[in-house]
Every structure is written in C-alpha cells, then in structure tokens.
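I have placed the structure first, in the form of structure tokens, so that the comments after it can refer back to it.
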Amino acid sequence: MEILKIENLKVAIDGKLIIKGLNLTINSGEVHAIMGPNGTGKSTLAYVLAGKPGYEVVEGEITFLGKNILELEPEERAKEGLFLAFQYPVEIPGVTNANFMKTAVNEVRKYRNLEPLDAFDFLQTLKERAALVGLDSSYLNRNVNEGFSGGEKKRNEIFQLAMLEPILAVLDETDSGLDIDALKIVANGVNSLRKPDRSFLVITHYQRLLNYLTPDFVHVMYDGKIVISGGKELAYELEAKGYDWLKNGNNGLK
Amino acid sequence: MGFIDNVSALFEKKFSKQICRDEDSERLVFFEKFKELGLPTIKNEDWKYTNLAFLNEINFQLSSCTKAIDTGLVEKYLSFLNGNDKIVVPYINNSIDESFVKPLSSFDYKILRNGSFFANTKLISKFSNFFDSSNPFNFLTLAFSTDSAYLNVNNGFENEIPIILFYLYDFEINTLSNTLSFVEVEEDAKINIIAIFINRSRDKVFANEIINFHLKRNSNVEVNILQFNIDNLVLIDNFNFILESGATLKINTFSLNNYFVRNNLNVLFNEPYGTAFLNGIYFTADDEFVDNHTLVLHNQPNCISDENFRGILDGTGRAVFNGKIYVARDAQKTNAYQSNKNLLLSNDARINTRPQLEIYADDVRCTHGATAGYLDQEMLFYIVSRGISKEKAKSLLLNSFVSENLEKVEQPDLRNFVKELVAKKLNLEDIFFCSAIDELTNASL
Ligand SMILES: Nc1ncnc2c1ncn2[C@@H]1O[C@H](COP(=O)(O)OP(=O)(O)OP(=O)(O)O)[C@@H](O)[C@H]1O
Ligand SMILES: [Mg+2]
C-alpha cells in the first residue's frame, strides 16, 4: 500500500528555491534512506512533511495515506500518523517528558477514536518504551530535552516515536551525535519498532546506521533533488567514493 | 465630583463632629496630609504608568451596615488547605470578625478596634519606621483606618501552619476599605503567611490595605499574596518589610484575575546579612490591570535581594513593573538581582517595565533585565509536531513560563492550589490534575 507520494516538489525559503523538483514514493513497511551532502535540502524536506511554518511549497504535491497533507496543520499530520525525529530536538522547559507524552498520546488517541489510556497502563508503556532506547525512568520526570546531552536528545526522539506509534517516521540524522554504543541501542530500538504497517524515511550521512537498519531503498539527494536511487549497496558505494563521484556527473546523473 | 471632594465629604461626615476625641484629631492631621499630596497623577514618577483618574468618576461611600458573613464561606475559600490547621485573621468588609479567630498560643494577637491604634504610642512609633510619606494613600489609610490587627510571633516559633490574612469584600455600594496590620516576628521564628484578597461586591471597592512586617534577627518569613477573581476591586496593597540581621524574606505574588491591582512591596534592610526574594506572576486579560511596584532599600552591607517577576498579557490587558533598587554608600557587598519577563499574546496588550537602580556603594553585584516577547515559534512547532493542538501547545509553554515561580511556594497545599489555578486558567487541568499520572510517576520512580 502506498503511504507517501511526493511529486515534483519545489520548496522555497524566503523566496530562495531549496527543493527543486523531488519525487519519492514510500510503501507500507518500507525503509528508505536519504543521503546527501550538507545543505542539499534534506532537513527542509523533513520539515515540509511535518508542516513547519515558513516553508513555501511552490509546486508539487504530497499525498500521505491518500490525503493532501499540505492542507493539514502540523498537529493533524501527526495525528494522521506522521512523525518527525528532529535533527535538532528542542528543549521545552517546565514540561515534563511524561506530561508531554501523556498530552500527545491522548490527543492522538482521541483523533483515532481510541479511549484514553488509563494512568497505570500509560505509566508502564512510558517506562517500557523509554527502556527501549536506554533511557531510565528518571528521564520521564525531567523537562523535555532540557539539559539532555546531544545523544540523550536523540534517544528521546526515538522514545517519542515509540510512544506515538506512527505510520511513517522520518528520522533526520538521528545517528549524528551518538557514540558507538548509543548508536547500537538506538538502531536496535528503531529496528524493534519496524512493523509491516510502519514505514521509515531515514536521513543520514553515515553507512553505520544503515548497517543496523538495512534500508530497502537508498536515495541520494543533491542540490534539492533525488539524483540517484538504489538498494542498500548504494550506500556502500557512496561511502567508498564520496559525493564528488556524483558531482563528476557519473552514474545516475546523466 | 472628584475623588478628593468625595473622600473629604466622607471624612467630614464620619469624624469631624467628634473631633474632640484625640484619635480623631490625629486622623485629621493625616487627612490634611493626604489632601495636600492629592490623588497622584501620571506626572508623579511613582505613578507614571498607572492612571488613577478613573477614581474621580466613582462615588464612594463608607460601609455602614456590614453583611453577615458565615464562617462556612471563609472555609469554602480556604478549602485548598484541605481542612489542615490554619490561623485566620479575617478582615471582613473592613473590620476584623472575631468570631473566626481561634485562640492562639504562640502568638500575641491583638485587635485594635476602630482607631484605637492611634492611642497606642508604641505602635505608632514602630509604624513610623515603615512609613513612606511620599505615598498619599498611606495617609488616606491612616485617616480612615478601621480595625487593625497586631500579631507578635514568639521567639523561635516555627510552624508549618499558615497564617491567613483574609480580605473579603462584600459591599452593596461603592465603598472604601482601609485597614492596617502589623506582624512582628521575633528572633529565630519562622512563619508562613497567605494574604488573600476576594471581592464579592458587584459595585466598586477601593481598598487601601497596609501590612507591615518586622523581621527580627534570623527570622524567616514567607508571604504569599493571592489575587484572583477580584472583579470590581481597585486594590492598592502596601506590604512593608523591615529586616534585621540574618532575616530571610520570601514574597510570592499571584495576580491571576484582576480589575485593578497595585502591589507596593517595600523591603528595607536595616541591618547587614538579610536576604529577600521577591517573586511574582501576573496575568492580565481584557481591561485588566496589574502594577507591581517594588522598592528594595539596601541600607546595610552584605544583604541579598533577588526579584523575579513574570507576566502574561492578553487582549487589552496592561501591566506595569517598576523595580527600584537603592544601595546606600555603606552597603558594600550587596547582591541585588532583578528580572522581569513578559509574554505578550496580543497586539493590544501592553507592558511598561522599568528598572530603577540607584547605587552609591562600589563593591556591589547588581544585575537587572527586562524582556517582553512572544512565544517561541521553534518550541511551538516542536510541540504541535507531536499531535498536540496549537492552543494546548501555547498553554503548555505559558505554564512553563511561570512554572519556576509556582514552584517557589513552600507551603504544599498552597503550591498545588496556585498550580491548579494557573492550569485552569490555561485549560490544562486535564493534563496536570485529572489523572494520577503525576503521583504515579513521582511515587514509582
Ligand atoms: N530558515 C532558513 N532561511 C534561509 N535559508 C535556509 C533556512 N533553512 C534552511 N536554509 C537553507 O536551505 C538549504 C538546505 O538546508 P537543509 O537544512 O535542508 O540542509 P540539509 O540537507 O539538511 O543539510 P545537513 O546535512 O547539514 O543537515 C541550506 O542552504 C540552508 O542554508
Ligand atoms: Mg539537515
């Protein structure tokens, strides 16, 4: 089943075109990776999907579960089942992780016509899912990301992913800033969240995350477009040859 | 008719006929002084952003017959204490209702009826130490003062039981209210005060209340000032504090729903090594006005003052923060901090914030800062990206903006109560209060 379809997407920030005609289709259960040099528009794509204000869609369409998500508010997109793990998670002082997730989960459940979770079950779920990414329960009572280390913030993103149970999860450089052990924990956490009805779009610079996650497809983004797509071997090739290989007009760039 | 004419006529009628009484001649002196200073205008630096001209349009009376208030009502307002012990000093419609007062063992508690304060020379001389003779309303309060409460907290008294200064206004006409209170806290004593202002009148009440605290050596006083649901009340409260060596004062103001409030918070370090924290939260919505006017006088060395006021202004709401810090030449090693932060939720909301520093000592650490801004868009987006509505996301951020000051309340029942009041105001009760999740997470972690 088709989950996400992006057609000829062009996005501008402050009048400057950043994404310049991007096409991508993701089906249920698939894991797609997007790689590409700094500044080519990977995070821009992630933000446009999530609905961040300030991004102007100049052309093109994005369909999520058959709906035009460009017409939906960010919170509606999340309720429909879209999740973005931020490249730079934001600190929210004065709001505990537990309260944040309680509010979010209940709003999402309400939207999906599900009963609110009872307090005890919810607490169990919180602890379980935090443990999944190696965060002990003390993090639940801390304010969202406040004073968290870079790695802890990334784990907290995956914890939230686990709580919100999305249909499509977009991971924007979740692996950067993680040490080798943390990478293993987070990757295993993500792996355990893989399901036939859950898809992933993983933005990364490194092969190492993909070693754990094994993507079905790898796309290379360059100057606002996907310039080459392939299987997981493409990531190895890229790692071996570097992006200059693309710039030199080889392969998919014809 | 004008406010001055209005109160002159009231004064004439009430006191002038019996001017032979000593106390009434005292009153006359104070009243003349009030007239001399007059109703402050915005040309007066202390009232620059606080226009009182509207008082000229209201015809005030003095309360003649007082409605009977039953104890049940007071209990209802204090139900947030969950029936726990408390000491209540009830200023019901301008007079202290003795029927509420429980016997107090660790206290010397006097009620000075109807002006008998003027006969008490010892108190008068104590009072003069606090007196800000540039504030005309201090004279007005003295001229009209009805009952006064005098509390003396014994040496070393230390108790969690809060002392409630309970101001309830329930008049049937536009009315003036003027009372004086004294709290003398002896050495090493520790007390917790909650001052609550509640208005049930449908007409305007103009209340000028003076509350003086004398903190003797090493005493520790927390004063929480609660102002919510006081429509129609024009309140000018004057909390004056004198601190001796080693004394610690903590003030928390909560101005949550007000017609017109002016909090005058005056702190005087009369001896070295005193500490004072002044914290406040204020919300203003359409047509609401809150003015926090603080004065910290560092007359002695080695004292610390730390002020932190936060405001959320919506609709056509207006607020003023004026924080004056004075450091005398000999007050070396003073630490004085001041911060006032504001969030504006509408284009029509207004805040006037003004730090005033007068520093004559050279070995001083003094910082101040004031901000007025809008909600952080990055934070807002992060929250809504998790499926939380924009309204709720805003509320979470607003709650977070004031949460630090909410946590500063020491008395647990009161802390929960103010947190709940703020949560209700922000429509967040379901998150913070309707489920056992907080207790569960706290208990099981
Ligand atoms: N708010 C903004 N205003 C102006 N330019 C912006 C803004 N946000 C992004 N850009 C520009 O858009 C381009 C793409 O940025 P984006 O963050 O999407 O890159 P990226 O592929 O995620 O890079 P990285 O690998 O470094 O994370 C960059 O040139 C960046 O400077
Ligand atoms: Mg990026």
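List of remarks:
- A:Ala78, sole failed condition from (1) small (Gly, Ala, Ser); (2) surrounded by fewer than 22 Cβ atoms within 10 Å (Cβ to Cβ); (3) away from ligand 2 (no atom under 16 Å from the Cβ): (2)
- Across region B:421-438, the number of residues qualifying as within 9 Å of chain A (Cβ to nearest Cβ) and at pLDDT below 75 comes to 7.
- Identity of the residue in region B:362-390, farther than 25 Å from B:Ala319 by Cα and under 30 Å from the mean Cα position of the chain (by Cα), that ends up most open to solvent (accessible area, probe 1.4 Å): B:Arg365
- A:Gln160 meets all of the listed conditions (1) open to solvent by 40 Å² or more (accessible area, probe 1.4 Å); (2) under 18 Å from B:Ser385 (Cβ atoms) but one, namely (1).
- Residue in region A:74-91 that is near ligand 1 (Cβ under 9 Å from one of its atoms), more than 20 Å from A:Asn156 (Cβ to Cβ) and under 18 Å from the mean Cα position of the chain (by Cα) present: no
- Evaluation of A:Ser28 against the conditions (1) over 19 Å from the mean Cα position of the chain (by Cα); (2) at pLDDT 95 or above shows that the sole unmet condition is (1).
- Restricting region A:197-213 to residues that are part of a loop (DSSP other than H, G, I, E, B) and either within 20 Å of A:Phe64 (Cβ to Cβ) or modelled with pLDDT of 90 or more (or both) leaves a set whose member that is nearest to ligand 2 (Cβ to nearest atom) is A:Thr204.
- Identification of helices (runs of 4 or more DSSP H) wholly contained in region B:370-426 with 3 or more residues that are of a type in the set (D, E, K, R) yields B:390-406, B:412-425.
- Scanning region A:92-122 for residues that are open to solvent by 60 Å² or more (accessible area, probe 1.4 Å) and facing chain B (nearest Cβ under 8 Å) gives A:Tyr111, A:Phe120.
- Condition check for B:Gly315: open to solvent by 10 Å² or more (accessible area, probe 1.4 Å), among the small types (Gly, Ala, Ser) and either in a strand (DSSP E or B) or not assigned by TED's automatic domain parsing to the domain that holds B:Ile193 (or both): yes
- Within region A:45-72, the set of residues being within 13 Å of ligand 2 (Cβ to nearest atom) and more than 14 Å from chain B (Cβ to nearest Cβ) comprises just one member, A:Leu45.
- Matching residues in region B:148-181 - criterion: being surrounded by 22 or more Cβ atoms within 10 Å (Cβ to Cβ) and either among the charged types (D, E, K, R) or assigned to a loop (DSSP other than H, G, I, E, B) (or both): B:Pro162, B:Phe171
- Residue check for A:Tyr88: open to solvent by 20 Å² or more (accessible area, probe 1.4 Å), under 30 Å from B:Glu407 (Cβ atoms), more than 8 Å from every other protein chain (Cβ to nearest Cβ) and within 14 Å of ligand 2 (Cβ to nearest atom): yes
- Residue list for region A:123-150, filter: within 13 Å of chain B (Cβ to nearest Cβ) and in contact with a Phe, Trp or Tyr (Cβ under 7 Å, 6 or more places away or on another chain): A:Ala130, A:Leu135, A:Val144
- Qualifying residue in region A:1-8 (condition: buried (at least 19 other Cβ atoms within 10 Å of the Cβ), of a type in the set (A, V, I, L, M, F, W, C), under 14 Å from the mean Cα position of the chain (by Cα) and away from ligand 1 (no atom under 11 Å from the Cβ)): yes
- The residues listed here are A:Lys225, A:Lys184; of these, the one that is open to solvent by 30 Å² or more (accessible area, probe 1.4 Å) and under 30 Å from A:Gly66 (Cα atoms) is A:Lys225.
The values are calculated or read from the model by the stated rules, or taken from the named source; none is laboratory data. The structure presented is a predicted model; accordingly, all values stated were derived computationally and were not measured. Cβ atoms come from the backbone with ideal geometry, glycine included; neighbour counts cover every protein chain shown. We work out accessible area using only protein heavy atoms, side chains counted, and drop any ligands, DNA or RNA first. Shrake-Rupley method; radii C 1.70, N 1.55, O 1.52, S 1.80 Å.
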